Amino acid sequence: MEPLIRVRGLGKQFGPGCPRCLALTGPEADTNLCPACGTVVACHGIHFDLYPGEALGVVGESGSGKSTLVRLLHFEWPASCGTMEIHRSALAGLGLDDAGGEGGAYSGNLLACNDFRKRQLRHLLMGIVYQNPHLGLRMGISAGGNIAERLLGAGWRNIARMRARAAELLDKTEVPVSRMDEPPANFSGGMQQRVQIAKALSNNPLLLFLDEVTTGLDLSVQARVLDLIRNLSHEFKLALLVVSHDLGVINLLCQRTMVMKAGRVVESGLTDQILQDPQHRYSQLLVASQL
Ligand SMILES: Nc1ncnc2c1ncn2[C@@H]1O[C@H](COP(=O)(O)OP(=O)(O)O)[C@@H](O)[C@H]1O
Ligand SMILES: [Mg+2]
Ligand SMILES: [Zn+2]
């Protein structure tokens, strides 16, 4: 099996940049802030493959660049450098024609596509669940309406079918269907995350980004939402990119993990191996701090 997504040399800087930014930042310097010019090297040199149906973890302390990585891959922010490619068979499966490029098994660089194309890919290929439900949901319209909006984006038009699909997804994510006409503002934090998950799954994505989705929830609610994600990701055969500062979350969901520090990946490999025998000094600290 070949990777669904290939990411190479991905980076994002905030600021003017100077010739010394990369040398003066990173895990050894223990900062992502260039002292010479004030640029933030939010992430740099990110390199990974994500296989169909696989869950890949991204773990690291606050500010290490995890959310930036997600926002680049979800086309919310332009990357400063690097490429993201998708297997052409996945594009064909989505009914999308080729994104250009050189030929071969992979598309050209998706990050270089035009806005129309990026919107299409976001609507048909990807789903996302944010830590902050206000980023993922409109709090003033109904839960069902939030899902319908996403379906409209993916090309759905029949109102009765959209409503049936929304009810089906809310049921799958264990939100009482009787509440689908209520706005998410009325819901608990855990239930808002369930609505976000229902919305993210509504267009049958191949790729789901989860950014600290259970951070801030009560432990019992966290456990149930993570269980739900695990079951649904198998049912929907989703490739997951799971971002968390919490190794427990990563351990529960992900076979493979990347450890980030100061905008760089310092270690990557099987989650079990990283937990049992971390190689990089920073991974050792992270594991020890969460024993
Ligand atoms: N719009 C921005 N302008 C400047 N710096 C930013 C911006 N967004 C994020 N950053 C910085 O990028 C770094 C990485 O942030 P982030 O990706 O949110 O980390 P994490 O999700 O791991 O906590 C942080 O130092 C953050 O302050
Ligand atoms: Mg974050
Ligand atoms: Zn600099």
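Multiplying the sequence separation of ASN132 and ALA92 by 0.36 nm and subtracting their Cα-Cα distance, what value in nm do you get?
11.1 nm
Roughly speaking, what is the stretch gain from ASP171 to ASP30, that is 0.36 nm per residue apart minus the C-alpha to C-alpha distance, in nm to one decimal?
Result: 46.2 nm gained on full extension.
What is the local net charge at THR214, summed over the other residues whose Cβ is closer than 10 Å to its Cβ (Lys, Arg +1; Asp, Glu -1)?
-2
Over all distinct alpha-carbon pairs, what is the Kirkwood Rh of the stretch 90-178 in angstrom?
About 15.2 Å, per the Kirkwood formula over Cα pairs.
According to a simple spin-label model (label point 7 Å from Cα along Cα-to-Cβ), what is the distance in nm between ASP227 and GLU76?
2.9 nm
What does the charge count around GLY136 come to, taking other residues whose C-beta lies under 15 Å from its C-beta (Lys +1, Arg +1, Asp -1, Glu -1)?
Residues close to GLY136 contribute a combined charge of +2.
Which order do LYS237, LYS172, LYS12, LYS66 fall in if you start with the one that has the fewest other Cβ atoms within 10 Å?
Result, fewest neighbours first: LYS237, LYS172, LYS12, LYS66.
So if R0 is 35 Å, what FRET efficiency would LEU270 and ILE159 give, r being the distance between their Cβ atoms, rounded to the nearest 0.05?
0.15
Give, rounded to the nearest 20 debye, the magnitude of the charge dipole that the chain has about its Cα centre when Lys and Arg contribute +1 at Cβ and Asp and Glu contribute -1 at Cβ.
680 debye
Between CYS37 and GLN284, how many nm apart are label points set 7 Å from Cα along the C-beta direction?
3.5 nm
At 1.002 mPa s and 20 °C, plugging the Kirkwood radius over alpha-carbon pairs of the chain into Stokes-Einstein gives what diffusion coefficient in µm²/s?
In µm²/s, the coefficient is 108.
Where in the stretch 172-189 does the amide nitrogen come within less than 19 Å of the point 7 Å from the Cα of ASP246, taken along Cα to Cβ?
Only 174, 188-189 pass the distance filter.
What full-extension length gain, to one decimal in nm, is calculated for ASN204 and SER178 as 0.36 nm per residue of separation minus the Cα-Cα distance?
7.0 nm
For each cysteine in the chain, check whether another cysteine's C-beta sits under 4.7 Å from its C-beta; list those where none does.
Flagged as lacking a Cys partner: CYS43, CYS81, CYS113, CYS254.
Could you line up VAL40, VAL175 from fewest to most neighbouring Cβ atoms inside 10 Å?
VAL40, VAL175
Determine, for CYS254, CYS113, the number of other Cβ atoms within 10 Å of each Cβ, and report the residues in order from fewest to most.
The most exposed by this proxy come first: CYS113, CYS254.
How about LYS118: which lysines have a C-alpha closer than 26 Å to its C-alpha, ignoring those fewer than 8 places off in the same chain?
LYS12, LYS66, LYS199, LYS237
If Lys and Arg each add +1 and Asp and Glu each add -1, what is the summed charge of the other residues whose beta carbon sits under 9 Å from the beta carbon of VAL70?
Overall, the nearby charge balance is 0.
Name the residue, out of SER188, SER268, SER142, whose mean-square fluctuation peaks in a Gaussian network model built on the chain with Cα pairs under 10 Å.
In this elastic network of the chain, the residue with the biggest mean-square fluctuation among SER188, SER268, SER142 is SER188.
Every number in this text was worked out from the coordinates using simple rules, so none of it is lab data. Given the structure is predicted, the values throughout are model-derived calculations rather than measurements. Virtual Cβ from ideal backbone geometry, glycine too; neighbours counted across all protein chains shown.
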